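Below: one structure, written as structure tokens.
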Ligand code: C5P
């Protein structure tokens, strides 16, 4: 199999409350997105890395990449413009993926702490199952709550609940098929697995990592930098 990564990084990160999209914030001396991209560029089993950038920050991103990666940019790296939703950004990424790539890993630009081990599990998983996502079992007790009154409706059986992370890896044709189906039905999802589920394509979980957090709120940067310190990267 020839694997390629798609990294959606075109969000604005408004929940972070910073002056620029969260993927450009500094984490231990390098912008978050640069850290994420390097992990995939350096991975020997991944032969192309497509990054979907915010159109409004496209030029700025190019400058950042040449400064932190290399000039000229690594041949594996392909840049494209993202869309108005994560789903659109990933579909732009898919269109920019070289034709010889038959296995796709989609990974959030805002998850710079993903490990080679988790990427490896996704690659192994996709070879045997066709489509897998990194996920972790829920630790807390889960409540379904009425959004209006705040009253608890029920307690959800925790043993059946997993929290979805990325990478989400699948054979390219399955992802393309799922995108076609979603477009036809006007279906939108917050991850790739939900598009495949919608198309009745089986998706399995592989073990993710508690440290593989998505930087979303201001405190997450502090948490990520202390996690980086612990792992000595
Ligand atoms: O907003 P959220 O944290 O779920 O975003 C997950 C990832 O999807 C981020 O890396 C973000 O940059 C990306 N994204 C995108 N295009 C959008 C919205 C989000 O590539 N329009």
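Is there a residue in the range 107-125 that is farther than 16 Å from residue 39 by Cβ and more than 16 Å from the ligand (Cβ to nearest atom)? Within the range 107-125, one or more residues are farther than 16 Å from residue 39 by Cβ and more than 16 Å from the ligand (Cβ to nearest atom). Only one of the listed residues (81, 35, 67) is buried (at least 23 other Cβ atoms within 10 Å of the Cβ) and more than 14 Å from residue 166 (Cβ to Cβ). That residue is 35. Residues in the range 136-173 that are part of a helix (DSSP H, G or I), in contact with a strand residue (DSSP E or B) (Cβ under 9 Å, 6 or more places away or on another chain) and surrounded by fewer than 18 Cβ atoms within 10 Å (Cβ to Cβ): 158, 159. Across the range 212-226, the qualifying residues are those that are surrounded by 17 or more Cβ atoms within 10 Å (Cβ to Cβ) and either more than 13 Å from residue 163 (Cβ to Cβ) or away from the ligand (no atom under 16 Å from the Cβ) (or both), and the one among them that is nearest to the chain's Cα centre (by Cα) is 215. When residue 177 is tested against the conditions (1) more than 16 Å from the ligand (Cβ to nearest atom); (2) under 25 Å from residue 160 (Cβ atoms), the lone failure is (2).
Pull up the range 37-58, narrow it to residues that are more than 21 Å from residue 95 (Cβ to Cβ) and in a helix (DSSP H, G or I), then point me to the one that is nearest to the ligand (Cβ to nearest atom). Show your work before the answer.
Just the residues of the range 37-58 that are more than 21 Å from residue 95 (Cβ to Cβ), to begin with: 38-39, 42-45.
Still in the list and also in a helix (DSSP H, G or I): 38-39.
On the way: 38: 15, 39: 14 Å.
Result: 39.
Working only within the range 126-135, note down all residues that are in a helix (DSSP H, G or I) and buried (at least 22 other Cβ atoms within 10 Å of the Cβ).
Matches in the range 126-135: 126 only.
Each reported figure results from applying straightforward, stated rules to the coordinates on display, with no laboratory input. What you are looking at is a predicted structure, and each value in this text was computed from that prediction instead of being measured. Using ideal geometry, Cβ is built from the backbone for each residue, glycine included, and neighbour counts are taken over all protein chains shown.
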